[in-house]
Every structure is written in C-alpha cells, then in structure tokens.
Amino acid sequence: MKMRFSRFLRSTLRAVAPLSCALLLVACGGKQGAASEAASSADAGQTTPAAAAPAAESTGGFDGQQAYQYVADQVAIGPRGAGTEGDTRAQQYIVGKLQSFGCPVDQEDFHASTPIGSVAMKNIVAKVPGASPDIVLFTTHYDTKRLPNFVGADDGGSSTGVMLELARLVCARKNALTVWVAFFDGEEAFNPDVWQDPDNTYGSRELAARLALSGDLGHVKAMLLADLVGGRNLHVKRDSNSTGWLTDMVWSTAARLGYKDIFLNDRVAMEDDHLPFLHRNVAAVDIIDLDTSNDVPYWHTPADTLDKISPRSLAIVGHVLIATLPELEQKFHSAARP
Ligand SMILES: [Zn+2]
C-alpha cells in the first residue's frame, strides 16, 4: 500500500540525492541529519514497551495475546512473498487455523499476470452464513513484500493475526448478517521500488471481480480492511479515500471504547486493497498506520520483525472491529428483514 505522492517523493529523493552529494556537501550533511533523525525515531519505536494485551473479556472477547501468537507463527514461516514457498506455507497455516475454528473456508486460486510473469495466487475466504444474505467483509493481505530477509511482522503479519482472531470469534456464533473474512494474496507490488497499477492488490482485485461476476457484490454492505495495525506506537488516521459513513462508524466506535488516542481525526490518503471495492461502489474503510517517519520507520525493511509488534495494539484494533459489527447489523439487518 502507499500514501498518495510518497512514491513521487521517494523517486525524486533517489534521483536528486547523489547529484546533491557531488555538488553540495552541505546537502549530504543535511541528509545524514535526516537519516540519524529517522534512526532515533526508530529507536524510540523499539524502546516503547510492547504492552501486553488486555484480558479478552475487556476487548469484546477478542484475545490480543492469541492474535500476537498468530503473528509470531507467520513470522516463523519466514518471507511470504506471493508465489513463493513461504506464501504456500502461509496459506496452509491460515486454512488450518480457520478450519480449526470451524469456519467454512473457500480457497480461491487464480493466476496473476505480474512483472515477473504469471504467478499462482490464492485468496482464502471464511464465509459465515448469517440470518441475512447481506455481507460484512473483513479483509487483510497475508503476502509479504518480496525483499531480502523481509518477514513482514507488521506488514502482512499483524492484520492477518487480527483477522484470524476475528474469524475465531465470528465463526463460533450466529451472526445477524453474513460475515466473510478474506485473506488476500498479492497485495504487494512485485516491482521493489514503484507502486504502480496494475502491479499491486492482485488478490483484492480478483475477489472484487469474482463477486461482481457472481452477483454477490450487491450484498456486500461494508468492506473493512486492516493493514499495518500491530506497531507499538499505533496511530490510525482517517483515510480520505475510504467511505465517509463507514469511517465515521469505525471512528465513533473507537472513541466510545476509549481509543481516541489511537484512532486520530487527522487525514491521510491511502491506496490499498480497499480501492478495488470502492471502484465498484462498495462502502470500504482502510484501517492502517503508515506513518513511516514516526510509527513504522521499519516499513518495507528487514527490521519489520516480531519485536515491533504490540499485543495491545492488535487487541485494540480487534476490539474496534468486533464492536463495529453490531453497528453494521443494526444499520442493515433491520432493513433486510421482510
Ligand atoms: Zn507492504
């Protein structure tokens, strides 16, 4: 995923930096200053204690410690880039967990045309039937970016851990609305440097297209995406690409639960797995912390490791998601009744 304009800034810096260094040593000193600033904020991120998760009873039954274990299990697999052996092992892990929770699981295989050729990918969707055919769709990507020694504890691992724990809860009960929990493959771009369509969001585009073909897309009332939600300094800003009413619903739920210091009212524009659904007129929201200057200085680096993950952050995001479900049920279920 990316913030709008960040790619432009990155490539501009990359192009300009060597020239500045050659012509103007002061500029290099300035750049070093910026680098050490970034390093110290990275240190700050690491010294923030990884707070334990509150008891599940206080977070709507969502067990943050359990979610953390799911992150640890994924990291133990190693790199999980789309189409790699690690990706296959991650798929087996996710399917195995969902089945152990008693979830009905669809494994949706497809081939994606990528810059390195055709790549076999798989979306995994837990489909929990409800009293109404209308669907609430919770989503994450589970693939990790294809970078050397990159295990994606936060980027790929954290939100997948949250969605597994959420699936454990919703699969064990009767819900008013149909609830799907989707695990996307291929969110990350294959190009290591550039986020450019169509080299990204392969899995979410595939699911959105399949839903459109099957006619189920009209039943999807809300798509809630989590990505990079496990950091110790978690702050989630309102994504201006996301649907207003759904963002308001999630943020007001978070405020009601006492998480105003985590779910901020600042705005950011995100490009992520929610876009293919927004483009098909499905209400969607992205819950993400991509503040690379403060919260996630380890983003897309080998430093995105398990020690960056806070069970408490996972618990908070899980609590907000599980508490938003009754709000959605209230909004849509009564309307769906005959
Ligand atoms: Zn990423």
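The values are calculated or read from the model by the stated rules, or taken from the named source; none is laboratory data. No experiment lies behind these values; they were computed from the predicted model shown. Here the Cβ positions follow ideal geometry from the backbone for every residue, glycine too, while neighbour counts run over all protein chains shown.
Yes or no, residue by residue, for (1) within 16 Å of the ligand (Cβ to nearest atom); (2) under 19 Å from residue 231 (Cβ atoms):
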position	(1), (2)
259	no, yes
273	yes, yes
280	no, no
291	yes, yes
295	yes, yes
310	no, yes
320	no, yes
333	no, no
**Q.** Among the residues listed as 246, 234, 290, the single one being under 23 Å from residue 2 (Cβ atoms) and in contact with a Phe, Trp or Tyr (Cβ under 8 Å, 6 or more places away or on another chain)
**A.** 290
(Q) Exactly one of these conditions fails for residue 199: (1) modelled with pLDDT of 95 or more; (2) within 16 Å of the ligand (Cβ to nearest atom); (3) touching a helix residue (DSSP H, G or I) at 6+ places or on another chain (Cβ under 9 Å). Give me its number. (A) (3)
Q: Identify the residue in the range 250-283 that is touching a Ser or Thr at 6+ places or on another chain (Cβ under 6 Å) and closer than 27 Å to residue 189 by Cα and, among all such residues, is surrounded by the most Cβ atoms within 10 Å (Cβ to Cβ).
A: 273
(Q) Is it the case, given these coordinates, that residue 137 is more than 17 Å from residue 184 (Cβ to Cβ) and in contact (Cβ under 8 Å) with a residue 24 or more places away in the chain? (A) no
Q: Find the strands (runs of 3 or more DSSP E) located wholly in the range 222-338 whose residues include 3 or more that are more than 25 Å from residue 180 (Cβ to Cβ) and not hydroxyl-bearing (Ser, Thr, Tyr), and list them.
A: 263-268
Q: Assess whether residue 165 counts as being more than 16 Å from the ligand (Cβ to nearest atom) and either aromatic (Phe, Trp, Tyr) or outside any strand (DSSP E or B) (or both).
A: yes
Q) Would you call residue 152 surrounded by 15 or more Cβ atoms within 10 Å (Cβ to Cβ), of a type outside the set (A, V, I, L, M, F, W, C) and at positive phi? A) yes
Q) Just checking, which of 144, 114, 140, 160 is among the β-branched types (Val, Ile, Thr), more than 17 Å from residue 321 (Cα to Cα), buried (at least 21 other Cβ atoms within 10 Å of the Cβ) and within 16 Å of the ligand (Cβ to nearest atom)? A) 144
Q: Tally the residues that are over 19 Å from the mean Cα position of the chain (by Cα), farther than 26 Å from residue 194 by Cβ and not acidic (Asp, Glu), restricting the search to the range 90-122.
A: 10
Q: Among the residues of the range 46-94, write down those that are over 14 Å from residue 143 (Cα atoms), among the charged types (D, E, K, R) and either in contact (Cβ under 8 Å) with a residue 40 or more places away in the chain or not in a helix (DSSP H, G or I) (or both).
A: 63
Q. Of the residues that sit in the range 168-215 and are assigned to a helix (DSSP H, G or I) and basic (Lys, Arg), which one is nearest to the chain's Cα centre (by Cα)?
A. 205
Q.
Cβ contacts < 6 Å: first residue within 17 Å of residue 74 (Cβ to Cβ), restricted to the range 291-306; second residue part of a loop (DSSP other than H, G, I, E, B) and more than 14 Å from the ligand (Cβ to nearest atom), any location; separation 6+ or different chain. Result?
A. 302/149
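Residues are listed down the side, and each one gets a yes or a no for (1) surrounded by 14 or more Cβ atoms within 10 Å (Cβ to Cβ); (2) at pLDDT 95 or above:
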{"site": "40", "(1), (2)": "no, no"}
{"site": "48", "(1), (2)": "yes, no"}
{"site": "57", "(1), (2)": "no, no"}
{"site": "61", "(1), (2)": "yes, yes"}
{"site": "70", "(1), (2)": "yes, yes"}
{"site": "75", "(1), (2)": "yes, yes"}
